[in-house]
Amino acid sequence: MPNATDPTHPAPASAPEPAADNGVDGRPETAEQARALQDRLRPLVVTTGPGPADVRRVAGLDVAYAEDSDRLAAAVVVLDPDTLQVLERSVVLGHARFPYVPGLFAFRELPSLVEALDGLSVPPDLLVCDGQGLAHPRRFGLACHLGVHTGIPSIGVGKTAFVGTYDTPPPHRGAASDLVLDGDVVGAVLRTQDNVKPVFVSVGHGLDLAAACRHVLALSPHFRLPETTRQADTACRAALAQATAAGLARDAVRSD
DNA sequence: GCGACAG
DNA sequence: ATCTTGTCGC
């Protein structure tokens, strides 16, 4: 098992000595275990097909972090894909479960996002995640992980590139270019607005790239980011702000 | 060997 | 991710 030369081995906050190779069957505790889990789940990803026949509930997912600690707020906001009106919101407070390591991002947010998803009255038909899907070193970004974990079709929408090379797409809304990694098209660089920086769309699970782009465009009639992402971002930030304010107020009373 | 590196 | 108000421009 030669793997003692990994420079990015993060040794999570409270990493106990891995006397045995546990963790792969639960929450991984080391970067090595996390990567092994990704490699094990990767074959379960479905990257073809049009996706759900009729999407009635589209969910946007996002997480906001407190500046200091590892406290966080994870939000899932469900929208009607036709009217883009909010149907339901679910937000949970929690803490980061893993240090931020490029490529292992999902292990940080997934537990809290799943908790938020469990708080919904009705499971959504499609997930729009803040981050990459197949556009990942091991083709298993957050969107893939959430899709496989929940069984719900998912799409990854990143604000910046993570992996791959691409040509700048034409400046008009709807224009796209391939995001290529090792000869594979792992995503699309998509313009959601005229003359606005493109977003990075990749398949998460349960549909193909064309379908993913179609959904992202439909969800972004006025702004660069899909309305799902915008709503989720607003929701988790608000929750974190209120939690912080409540915490400060409580501390103030204590010191009185 | 030296950077780069989703959020 | 987070630090961060007003401001220039369409």
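Here, chain A has an Rg and a Dmax of 18.7, 64 Å when only alpha carbons are counted. Think of each Lys and Arg Cβ as +1 and each Asp and Glu Cβ as -1; about the Cα centre, that makes the dipole of chain A roughly 400 debye. Of the peptides A:45-51, A:61-67, A:142-148, the order by per-residue mean of other Cβ atoms within 10 Å, starting with the highest, comes out as A:142-148, A:61-67, A:45-51. Scoring A:222-231, A:200-209 by mean Cβ neighbours within 10 Å over their residues and listing the highest first yields A:200-209, A:222-231. Placing a label point 7 Å from the Cα of A:D54 along the Cα-to-Cβ line, the residues of the range A:102-136 whose backbone N sits under 20 Å from it are A:122-127. Label positions at A:D80 and A:L44, each projected 7 Å from the Cα along the C-beta direction, are separated by 3.4 nm. With the highest mean first, a sort of the peptides A:122-134, A:76-88 on other beta-carbon atoms found within 10 angstrom per residue produces A:122-134, A:76-88. Selection among A:L126, A:P171, A:A106 by position relative to the dipole of chain A gives A:P171 as farthest towards the positive end (Cβ unit charges, Cα centre).
Of the complete DSSP H runs in chain A, none spans 30 angstrom or more by Cα along the long axis with a mean Kyte-Doolittle score not below 1.6. The helix-based estimate of mean residue ellipticity at 222 nm for chain A, built from -39,500 (n - 2.57) per DSSP H run of four or more residues and divided by its residue count, is -9000 deg cm²/dmol to the nearest 500. As I understand it, the dipole of chain A uses +1 on the Cβ of Lys and Arg and -1 on the Cβ of Asp and Glu, about the Cα centre. Which of A:A53, A:V185, A:A73 lies farthest toward its positive end? After comparing all options, I get A:A53.
No value in this document is a laboratory result; all are computed from the given coordinates. Note that the structure is a prediction, hence the values are computed from the model and not measured. Cβ coordinates were reconstructed from backbone atoms using ideal geometry, including for glycine residues, and neighbour counts include every protein chain displayed.
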